[in-house]
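*Asks:* Sharing a structure, written as structure tokens. Questions coming.
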């Protein structure tokens, strides 16, 4: 129990230092930028009712570390798993997702990304046609 308390205390200290570092960068005009060269995710035609996995790649083109606190799908047919939550400038991060829909036709959902960018919340469109 004491070891768990020590680990949580250390983790809290590390997170505080990261957030303080981000605030200092913002005050100095340095901030992270999430760049998406593909302009979202287009899955094309997907099978109705079958899960389809995808990997969304983004780059931190800013001049400060990017910290993604959370990412989620805007609808229940999009499930998100987040990798590389701390991305240094010039590096890539990845968000793993699965779409499974039971509605035929055009589908649109969004990956909602909560981070330390100046906008704090950013959206990435995920499109498909289910047949």
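*Asks:* Which one of these does residue 93 not meet: (1) modelled with pLDDT under 95; (2) crowded, with 17+ Cβ neighbours inside 10 Å; (3) farther than 15 Å from residue 34 by Cβ?
*Replies:* (3)
*Asks:* Name the residues in the stretch 104-122 that are surrounded by fewer than 14 Cβ atoms within 10 Å (Cβ to Cβ) and either over 17 Å from residue 76 (Cα atoms) or under 15 Å from the mean Cα position of the chain (by Cα) (or both), would you?
*Replies:* Across the stretch 104-122, the qualifying residues are 118, 119, 120, 121.
*Asks:* I'm trying to understand the selection: among the residues of the stretch 52-68, which are in a loop (DSSP other than H, G, I, E, B) and either surrounded by fewer than 16 Cβ atoms within 10 Å (Cβ to Cβ) or without any contact (Cβ under 8 Å) to a residue 40 or more places away in the chain (or both)?
*Replies:* Across the stretch 52-68, the qualifying residues are 61, 63.
*Asks:* I'd like the full set of residues that are out of contact with any helix residue (DSSP H, G or I) (no Cβ under 8 Å at 6 or more places or on another chain) and either surrounded by 14 or more Cβ atoms within 10 Å (Cβ to Cβ) or on the phi < 0 side of the Ramachandran plot (or both), limited to the stretch 81-90.
*Replies:* 81, 82, 83, 84, 85, 87, 88, 89
Residues are listed down the side, and each one gets a yes or a no for (1) modelled with pLDDT under 95; (2) in contact with a strand residue (DSSP E or B) (Cβ under 8 Å, 6 or more places away or on another chain); (3) assigned to a loop (DSSP other than H, G, I, E, B):
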| position | (1), (2), (3) |
| --- | --- |
| 13 | yes, no, no |
| 23 | yes, no, no |
| 38 | yes, yes, yes |
| 45 | no, yes, no |
| 50 | no, no, yes |
| 97 | no, yes, no |
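The values are calculated or read from the model by the stated rules, or taken from the named source; none is laboratory data. If you're wondering where the values come from, they're calculated on a predicted model, not measured in any experiment. Please note: Cβ atoms are built from the backbone with ideal geometry, for glycine as well, and neighbour counts cover all protein chains shown.
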